[in-house]
1. Please give the charge dipole size of the protein assembly as shown, origin at the Cα centre, charges +1 on K and R Cβ atoms and -1 on D and E Cβ atoms. Round to the nearest 20 debye.
2. What does the charge add up to near B:Q86, with Lys and Arg as +1, Asp and Glu as -1, over the other residues with Cβ less than 9 Å from its Cβ?
3. Assigning unit charges at the beta carbon (Lys, Arg +1; Asp, Glu -1) and nothing else, what dipole magnitude in debye, to the nearest 20, does the stretch B:74-129 show about its Cα centre?
4. Take every residue in peptide A:32-41, count the Cβ atoms of other chains within 10 Å of its Cβ, and give the average of those counts.
5. Can you classify chain B as rounded, prolate or oblate using the Cα gyration tensor, where a ≥ b ≥ c are the square roots of its eigenvalues, rounded means a/c under 1.5, and otherwise it's prolate if a/b beats b/c and oblate if not?
6. Quick one: accessible surface of B:K323, probe radius 1.4 Å, all protein chains present, in square angstrom to the nearest 10.
7. When you look at the Cβ of every residue in B:314-324, what mean number of other chain Cβ atoms sits within 10 Å?
8. Once you've got the Cα coordinates, tell me which of B:K117/B:K296; B:K78/B:K255; B:K84/B:K240; B:K119/B:K228; B:K228/B:K267 are over 18 Å apart.
Amino acid sequence: MTTTPLWEVFIRPRNGLSHKHVGSIHAADEVMAVQAARDVYTRRGEGTSIWVVRSADIVASDPDQAGENFEPTADKIYRHPTFYEIPEDVGHM
Amino acid sequence: MYSQGLIGADGRTAETPEFLEAFQRRVDAEEKIEPNDPMPEGYRRTLVRQIGQHAHSEIVGMLPEGNWITRAPSLRRKAALLAKVQDEGGHGLYLYSAAETLGVSREQMTEELHSGKAKYSSIFNYPTLTWADIGIIGWLVDGAAIMNQIPLCRCSFGPYARAMIRVCKEESFHQRQGYEIVMTLAQGTPEQKAMAQDALNRWWWPSIMMFGPHDADSQHSDQSMAWKIKRFTNDELRQKFIDATVPQAEYLDLKIPDPDLKWNEEKGGFDHGTIDWDEFWRVVKGHGPMARDRVKDRKVAWDNGAWVREAALAHAEKRRTRKMAAE
Ligand SMILES: [Fe+2]
Ligand SMILES: [Fe+2]
């Protein structure tokens with residue numbers, strides 16, 4: 001069986017919003033991938049724009065490194081506005 | 001249809017107790033599991049099997065209804081049925097895409113459907129004999145699917161849950177167009193009403209069998225409930241479906257073909273008669289009236305489509321080399 005490449009599909013629901021990942025599709029090339037994505041993922045006005053990208057071309061962070069990558073942000077509480085005490089008299093800031 | 005994906009699922013795992021406990025804690029905290037997260041092998045296997053069978057059910061489910069597209073009684077009905085069948089194809093593709101995130105290939109799933117290794121919902125192995133069947137399928141079969149699929153929107157596996165949310169948004173139209181067909185027949189001539197009743201008589205029991213064996217006989221249910229792949233038991237879902245459907249049949253003045261069906265005040269739901277589990281298992285094991293036709297039709301479609309897939313790849317290759325030459 002020959003394999004038809006896999007593409008990840010991203011759809012912009014409407015202008016003003018980002019493209020969002022919705023799933024994937026098999027297609028021989030990018031033109032057919034956009035056509036197939038339109039048929040499969042936008043039958044009821046789900047979007048105004050489609051992006052497709054070869055699944056094989058996506059570079060992802062290593063799930064085994066999720067700890068090192070993302071946990072350090074949790075202990076840097078001084079990055080958040082509530083870390084700083086502003087007297088009530090100053091008003092909203 | 002979809003709980004049947006768990007029949008025969010093997011959820012056994014060989015991971016350490018610490019690993020399994022940590023995983024269970026995440027599930028209990030309602031954290032979603034994503035494809036690259038560590039997960040017990042049994043969890044992955046159960047999902048590959050269930051999502052694959054769910055996808056196959058959507059695809060095979062196009063066949064009994066597709067049978068009536070050219071004979072729909074009006075342009076309105078034809079447009080609706082075409083759109084519904086196209087949706088079912090879409091549902092199959094969302095689901096294959098969710099299963100592929102677990103490392104199983106589309107070709108492998110297709111191959112397993114064709115070889116009979118993978119099952120699909122038993123309901124699609126019954127024939128669609130009259131136009132009324134199309135109405136009954138939308139009303140009962142899609143209605144039962146909705147009961148099953150709404151809790152799956154909260155399934156612990158992220159890609160499956162997200163696919164189910166898309167599917168559920170589309171199902172309501174399926175059920176309503178079906179009920180409208182049945183209502184038109186039920187309020188039509190005596191012959192039309194008899195046709196609706198006949199279809200209900202044939203589809204009622206297979207529809208309530210869609211929820212799968214009784215809880216007491218459902219071996220793999222507990223593990224799937226613990227992993228939050230499943231949120232309600234087969235019997236709970238079947239009960240919800242019956243309670244919702246009985247008044248809808250009464251409104252149409254159609255009779256549900258179960259003499260033992262009666263309201264049980266104490267449990268606040270209907271009691272139903274004995275389900276013919278022999279028939280259920282016969283159909284699940286591939287002896288349904290249409291089983292051979294369904295798989296044959298899928299194989300023929302696959303084989304007849306081979307030249308299209310090859311031509312598409314050749315065309316893509318030609319365009320790629322031309323583009324490179326021009327650069
Ligand atoms: Fe569906
Ligand atoms: Fe449906």
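The values are calculated or read from the model by the stated rules, or taken from the named source; none is laboratory data. It should be emphasised that the depicted structure is a prediction, and the values quoted were computed from it without experimental measurement. A quick note on method: Cβ atoms are made from the backbone with ideal geometry, for glycine too, and the neighbour counts reach across all protein chains shown. In case anyone asks, the SASA skips ligands and DNA or RNA and just uses the protein heavy atoms, side chains included. Shrake-Rupley method; radii C 1.70, N 1.55, O 1.52, S 1.80 Å.
1. Working: 52 positive and 61 negative charges, 378 e Å.
Dipole of the protein assembly as shown, to the nearest 20 debye: 1820 debye.
2. On the way: positive: A:R43, B:K84; negative: A:D39, B:D87, B:E88.
For residues surrounding B:Q86, the net value is -1.
3. Working: 7 positive and 6 negative charges, 86 e Å.
For this selection, approximately 420 debye.
4. On the way: counts 4, 1, 0, 0, 1, 0, 0, 4, 9, 5.
Partner Cβ neighbours, averaged per residue: 2.
5. Numbers: a/c = 1.99, a/b = 1.17, b/c = 1.71.
Oblate, since a/c reaches 1.5 and b/c is not below a/b.
6. Roll a 1.4 Å probe over it and B:K323 shows about 120 Å².
7. Values: counts 1, 4, 9, 2, 1, 4, 2, 0, 0, 0, 0.
Other-chain Cβ atoms within 10 Å of each residue's Cβ, averaged: 2.
8. Numbers: B:K117/B:K296 14 Å; B:K78/B:K255 27 Å; B:K84/B:K240 24 Å; B:K119/B:K228 22 Å; B:K228/B:K267 26 Å.
In this structure, B:K78/B:K255; B:K84/B:K240; B:K119/B:K228; B:K228/B:K267 lie more than 18 Å apart at Cα.
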